[in-house]
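Novice: One structure coming up, written as structure tokens, with questions to follow.
The values are calculated or read from the model by the stated rules, or taken from the named source; none is laboratory data. Please read these numbers as outputs of a predicted model, since none were measured by experiment. Counting neighbours? That spans all protein chains shown, and the Cβs are built from the backbone with ideal geometry, glycine included. These area figures cover heavy atoms from the full protein model, side chains too; ligands, DNA and RNA do not enter into them. Shrake-Rupley method; radii C 1.70, N 1.55, O 1.52, S 1.80 Å.
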Amino acid sequence: MSTRTSSEDTTPVREIPQVDDETPDELGAFPRLTDDQVATLEVGGARRPVRAGEVLTREGEPSQDFFVILSGKVAIIDEGDGESERRILRVHGPGRFLGELGLLEGQVAFFTAEAMEDGEILVVPAERVRELVAHDLVLSDLILRAYLVRRHLLIGLGSGFRIIGSCYSPDTLRLREFAMRNRLPHRWIDVEQDERAEQLLRSLEVAPEDTPVVIWHGEKVLRNPPNAELARVVGLPVPDTVRDATQDVCDLVVVGAGPAGLAASVYGASDGLNTVTLESVAAGGQASTSSRIENYLGFPAGISGAELAERAVIQAGKFGARLLVSAEVTGLVPEDGHHALPLADGGVVRGRAVVLATGARYRKLTVPGIEALEGTSVYYAATHQEARMCGTDPVAIVGGGNSAGQATVFLADGVSHVHLLIRSSDLGKSMSRYLVDQIERHPRVTVHRNTEVRTVHGEKYLEEIMVENNHTGEQDTLRVRALFVFIGAMPYTGWLADTIALDDHGFVLTGMDAVHVREDGNRRIGDRSPRTLETSLPGLFATGDVRSGSVKRVASAVGEGAMAVRQIHEYFDRS
Ligand SMILES: Cc1cc2nc3c(=O)[nH]c(=O)nc-3n(C[C@H](O)[C@H](O)[C@H](O)COP(=O)(O)OP(=O)(O)OC[C@H]3O[C@@H](n4cnc5c(N)ncnc54)[C@H](O)[C@@H]3O)c2cc1C
């Protein structure tokens, strides 16, 4: 191998690295194992010599083994994309171990690992490491923490596969979103902006109209793959690769893998229920889009939604739950004593009990550039956390319902001014009177009627918004530090059609609400009272944000996931 290295992340692979060039471990991503830890791993593993230039792991190929470097050095390499050079990302020496999250989750490698000099390694089958992570407290903590940080770093480095496509193409957007939500290391090459794109496409013999394409180190090429195909290639579990999930009648099918669904999976599987979890996009749900959840019990410094999700996925897997992605449920059909759930891409999953945990999606404003400011100054919730981030600066709130009203009253206590923007002319149209009164009396609130946001401006943080009167066309600029959007949440229940009782907004009714809503008045589910999370269909439970009256918090979603499993046991006992 021709190499040059420093500890820079993006060093081209050209010259021989120096002995002291091992990448420093600044974030706890590259810890060194103690002799005792190596000895633990050695049970079930084997030592072997390694020669300079030997490839231990190849980018894009399944990684089956866990490697510990006993002597010598190993380079972690991004293979480039055919046009750009291979580059050394890291250099590791004795005592360090290779791999990242994909090894535990059965994914392909997102980098190449190549020996830089002759040495010795310990090879441990991935299966054995998964067992250790599940049962050895110290090693589990060390490996899991390192692997989570490494995945985060790899994503930041843009290692892994490339998506070549236009920023205007919906399929490019779809693939990018799928890769981002599943936290797959990749890089996007925009054919509209990136000068290399044209040359790269020419060398791959792909016409621009055939984009997007997904490529691995300039060789393997997928032309506009459906999400399921990309998932299959990277080793994410999809319905047709986990065959037994679609063949048997499971005890429990969980629909949706946000916090509620993941909790139901963990509690279901750990209670011995044969559990399958179906997720249309990526595990983690809305929570995984949150950069830091600060109010979840047990994490005083906060935890990123992505990390919470990764940990829960590993935990659910440890207990034997099978979680499938790109598995969108499209219907619900009661069959002989169980429920059949057809999937969008074909196939049916059957379960004796079902937990609906499909969550909700907050409506977003369609204003150019707004997404770049989400997380820093555009919010969909107004808790103490967001209020603190606003300080005393003026803010704008969009929405005419009670959520917008509550947020206005709450935020007006701390900030210098609240601009409440409503599309209609009547504040009382869909807001409770007590809120309207407080808002109209408040000295630091201005209500802008018939007003819509047209543009947002700001580099890292919002600086100003341009609003327009939808009657007169008159425009105005408001200097605000944050924009709060409360224009409703939409539950993912369209696919349930008329199968179960929903409230007026499409959220799933549970408990007594679910039975009283039927046209036949006080009709009960069977000859018994429904359990609190049971829907109008016996054996079908709803948890988290999709449930009518839910609290819309991670903790409550997790709590309901656990509660539902308990109620499913009772349902099994009595039916
Ligand atoms: C940006 C942001 C920040 C947040 N911050 C916080 C916070 O700090 N603290 C807090 O407590 N809460 C926070 N929340 C709220 C919290 O994330 C939600 O209350 C929580 O995620 C709800 O969990 P859930 O499992 O019910 O639903 P969701 O998280 O919405 O998950 C539902 C899952 O179901 C999947 N799905 C939908 N339909 C189907 C189908 N037909 N087939 C298969 N799968 C399907 C979806 O893809 C999704 O993954 C935040 C929300 C957002 C958006």
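Novice: Which residue out of 312, 344, 360 is at pLDDT 90 or above and surrounded by fewer than 17 Cβ atoms within 10 Å (Cβ to Cβ)? Let's see the steps before the verdict.
Specialist: Details: 312 fails: surrounded by fewer than 17 Cβ atoms within 10 Å (Cβ to Cβ); 360 fails: surrounded by fewer than 17 Cβ atoms within 10 Å (Cβ to Cβ).
It is 344.
Novice: Condition first: open to solvent by 20 Å² or more (accessible area, probe 1.4 Å) and part of a helix (DSSP H, G or I). Now tell me which residues in segment 105-132 satisfy that.
Specialist: 105, 127, 128, 130, 131
Novice: Here's something else I'd like to know. Picking from 238, 234, which residue would you name as being aliphatic (A, V, I, L, M) and more than 18 Å from residue 111 (Cβ to Cβ)?
Specialist: 238
Novice: Pick from 493, 451, 455, 408: which is at pLDDT 90 or above, open to solvent by less than 50 Å² (accessible area, probe 1.4 Å), in contact with a Pro (Cβ under 8 Å, 6 or more places away or on another chain) and of a type in the set (Ser, Thr, Tyr)? Break it down into steps so the answer makes sense when it comes.
Specialist: Numbers: 493 fails: in contact with a Pro (Cβ under 8 Å, 6 or more places away or on another chain); 451 fails: in contact with a Pro (Cβ under 8 Å, 6 or more places away or on another chain); 408 fails: in contact with a Pro (Cβ under 8 Å, 6 or more places away or on another chain).
After ruling out the rest, the residue left standing is 455.
Novice: Right, something else. Restricting segment 261-296 to residues that are closer than 21 Å to residue 389 by Cα and over 11 Å from the mean Cα position of the chain (by Cα), which is least open to solvent (accessible area, probe 1.4 Å)?
Specialist: Kept after step one, since they are closer than 21 Å to residue 389 by Cα, are these residues of segment 261-296: 286-296.
Add one more test, that the residue is over 11 Å from the mean Cα position of the chain (by Cα), and what stays is 292-296.
Working: 292: 106, 293: 13, 294: 84, 295: 94, 296: 47 Å².
Checking each candidate, the answer is 293.
Novice: Just to check your reading of the model, which residue among 372, 387, 381 is of a type in the set (Gly, Ala, Ser), within 10 Å of the ligand (Cβ to nearest atom) and open to solvent by 10 Å² or more (accessible area, probe 1.4 Å)?
Specialist: 381
Novice: Within segment 530-546, can you find the residues that are near the ligand (Cβ under 8 Å from one of its atoms) and open to solvent by 10 Å² or more (accessible area, probe 1.4 Å)?
Specialist: Passing the criteria: only 545.
Novice: Same structure, new question: Could you tell me whether any residue of segment 226-237 is touching a residue at least 12 places away in the same chain (Cβ under 8 Å), polar (S, T, N, Q), closer than 20 Å to residue 177 by Cβ and in contact with a Phe, Trp or Tyr (Cβ under 9 Å, 6 or more places away or on another chain)?
Specialist: Checked against the condition, which is being touching a residue at least 12 places away in the same chain (Cβ under 8 Å), polar (S, T, N, Q), closer than 20 Å to residue 177 by Cβ and in contact with a Phe, Trp or Tyr (Cβ under 9 Å, 6 or more places away or on another chain), segment 226-237 yields at least one hit.
Novice: Select from segment 264-282 the residues that are within 8 Å of the ligand (Cβ to nearest atom) and touching a residue at least 60 places away in the same chain (Cβ under 8 Å) and write down the one among them that is nearest to residue 571 (Cα to Cα).
Specialist: 278
Novice: Sticking with this structure for a sec: Is one or more of the residues making up segment 285-305 within 27 Å of residue 229 (Cα to Cα) and more than 9 Å from the ligand (Cβ to nearest atom)?
Specialist: Looking for residues that are within 27 Å of residue 229 (Cα to Cα) and more than 9 Å from the ligand (Cβ to nearest atom), one finds none in segment 285-305, hence no.
Novice: So which pairs qualify, if the first residue must be in segment 324-341 and over 20 Å from residue 575 (Cα atoms) and open to solvent by 20 Å² or more (accessible area, probe 1.4 Å), the second must be among the hydroxyl-bearing types (Ser, Thr, Tyr) and at pLDDT 95 or above, the Cβ gap must be under 7 Å, and the two must be at least 6 apart or on different chains?
Specialist: Note: pairs meeting the criteria are 328/280.
Novice: I'm checking my understanding of the structure. Among residues of segment 322-348 that are part of a loop (DSSP other than H, G, I, E, B) and of a type in the set (Val, Ile, Thr), which one is farthest from the ligand (Cβ to nearest atom)? Steps first, please.
Specialist: Within segment 322-348, the subset part of a loop (DSSP other than H, G, I, E, B) is 325-328, 330-332, 336-337, 344-347.
Now drop any that are not of a type in the set (Val, Ile, Thr), which leaves 325, 330.
Working: 325: 9, 330: 7 Å.
Looking at residues that are part of a loop (DSSP other than H, G, I, E, B) and of a type in the set (Val, Ile, Thr), I get 325.
Novice: Limited to segment 223-232, what total is found for residues that are aliphatic (A, V, I, L, M) and surrounded by fewer than 18 Cβ atoms within 10 Å (Cβ to Cβ)?
Specialist: Here the count works out to 0.
Table: residues versus (1) open to solvent by 50 Å² or more (accessible area, probe 1.4 Å); (2) among the acidic types (Asp, Glu); (3) in contact with a strand residue (DSSP E or B) (Cβ under 6 Å, 6 or more places away or on another chain); (4) more than 20 Å from residue 235 (Cβ to Cβ).
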{"site": "161", "(1), (2), (3), (4)": "no, no, yes, no"}
{"site": "164", "(1), (2), (3), (4)": "no, no, yes, yes"}
{"site": "167", "(1), (2), (3), (4)": "yes, no, yes, yes"}
{"site": "174", "(1), (2), (3), (4)": "yes, no, no, no"}
{"site": "186", "(1), (2), (3), (4)": "no, no, yes, no"}
{"site": "203", "(1), (2), (3), (4)": "yes, no, no, yes"}
{"site": "212", "(1), (2), (3), (4)": "no, no, yes, yes"}
{"site": "216", "(1), (2), (3), (4)": "no, no, yes, no"}
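Novice: Just the residues that are aliphatic (A, V, I, L, M) and either without any contact (Cβ under 8 Å) to a residue 60 or more places away in the chain or not in a strand (DSSP E or B) (or both), please, taken from segment 470-484.
Specialist: 480
Novice: Which numbered condition trips up residue 198, out of (1) away from the ligand (no atom under 15 Å from the Cβ); (2) farther than 22 Å from residue 107 by Cα; (3) open to solvent by less than 70 Å² (accessible area, probe 1.4 Å)?
Specialist: Failed condition: (3).
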